[in-house]
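Colleague: Shown below is the structure under consideration.
Each value in this text was obtained by applying a stated rule to the coordinates, not by laboratory testing. These numbers come from a predicted model, not from an experiment. Here Cβ is always computed from backbone atoms with ideal geometry, including for glycine, and neighbour counts include all displayed protein chains.
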Amino acid sequence: MSNYDTHMQLKEATETWTKLASEVFNQQFDTPMVQCNVGGRIAGKASRGQWTVKYNPELYERNKVDFINSTVPHELSHLIAGRLFPGCQSHGAEWKHVMLKLGCNPRRCHSYDVSVVSTARPRPYTYQCRCMEHKVTRLMHDRIRAKGVVNGYKCKRCKSSIIFVG
């Protein structure tokens with residue numbers, strides 16, 4: 001499929017979800033500008049200030065139905081929550097409220113297979129928590145080291161600190 005076709009499909013899906021949000025919240029929301037320029041493991045990004053959503057076309061092509069039914073409303077909900085509740089946190093209670101009102105599961109992260117994504121960054125650093133192994137990028141490794149062990153990152157599943165193992 002061409003980049004143009006992908007862009008048009010995602011633009012249409014974003015328009016559809018924006019119309020639904022306008023109806024659900026009884027407030028007119030403009031359809032955000034749609035860009036298809038996100039790569040790697042990230043499915044999408046929202047920019048409240050620019051009223052823009054950016055999508056990963058490669059992940060969209062591999063997961064069309066789920067992408068339209070979860071990623072598109074996920075990113076749009078960031079914009080809507082920011083408009084309805086200025087200053088709200090990215091994946092906070094207000095964002096979850098918007099997702100639920102749109103009839104969507106307020107998942108913070110997608111579960112798409114990213115092992116086949118061509119632009120994925122390598123994750124050469126291994127950390128361990130109580131329940132699993134975590135592979136992280138150089139950037140994340142540097143951030144964890146800068147924070148120190150006491151203030152280090154915690155596993156989202158078991159809430160224990162992750163420790164560098166190699």
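Colleague: Please go through the residue pairs Lys64/Lys96; Lys11/Lys45; Lys135/Lys159; Lys19/Lys54; Lys96/Lys135 and name each one whose alpha carbons sit more than 21 Å apart in this structure.
Modeller: Exceeds cut-off: Lys64/Lys96; Lys96/Lys135.
Colleague: Between the alpha-carbon centers of the range 8-46 and the range 70-111, tell me the distance in whole angstrom.
Modeller: That distance is 12 Å.
Colleague: Now, a different point. Rounded to the nearest 500 deg cm²/dmol, what is the calculated helix-only ellipticity per residue at 222 nm for the chain, with -39500 (n - 2.57) per DSSP H run of length n ≥ 4?
Modeller: On the way: 5 runs with 60 residues, N = 166.
Taking each H run of at least 4 residues, the total per residue is -11000 deg cm²/dmol.
Colleague: Candidates [x] 31, 20, 13; [y] 35, 17, 15; [z] 22, 17, 17; which is the computed semi-axes √(5λ) of the Cα gyration tensor in Å?
Modeller: Recomputing semi-axes √(5λ) of the Cα gyration tensor in Å here gives the entry labelled [x].
Colleague: Okay, moving on. Which FRET efficiency, nearest 0.05, do Arg138 and Glu61 yield, Cβ-Cβ r, R0 30 Å? Let's see the in-between values first.
Modeller: Details: r = 28 Å, r/R0 = 0.93.
E between Arg138 and Glu61, to the nearest 0.05, is 0.60.
Colleague: Could you run the Debye sum over the Cα atoms of the range 125-164, one equal point scatterer each and no solvent, and tell me log10 of I(q)/I(0) at q = 0.26, 0.28, 0.33 Å⁻¹, two decimals?
Modeller: Here the Debye-derived log intensity ratios amount to -0.85, -0.97, -1.22.
Colleague: Sort by residue number and report every cysteine in the chain with no other cysteine beta carbon within a distance under 4.7 Å.
Modeller: Taking the Cβ cut-off of 4.7 Å, the unpaired cysteines of the chain are Cys36, Cys88, Cys104, Cys109.
Colleague: If you don't mind, another one. Looking at the chain, do any whole DSSP H helices span at least 15 angstrom along their long axis by alpha carbon and average -0.5 or above on Kyte-Doolittle, and which? Please list the in-between numbers first.
Modeller: Values: long enough: 3-24 (31 Å, -0.93); 72-84 (18 Å, 0.36).
Taking the DSSP H segments of the chain (at least 15 Å long, mean hydropathy at least -0.5), we get 72-84.
Colleague: With the crude spin-label approximation of a point 7 Å out along Cα→Cβ, what separation in nm comes out for Phe25 versus Trp51?
Modeller: Once both label points are built, they end up 1.2 nm from each other.
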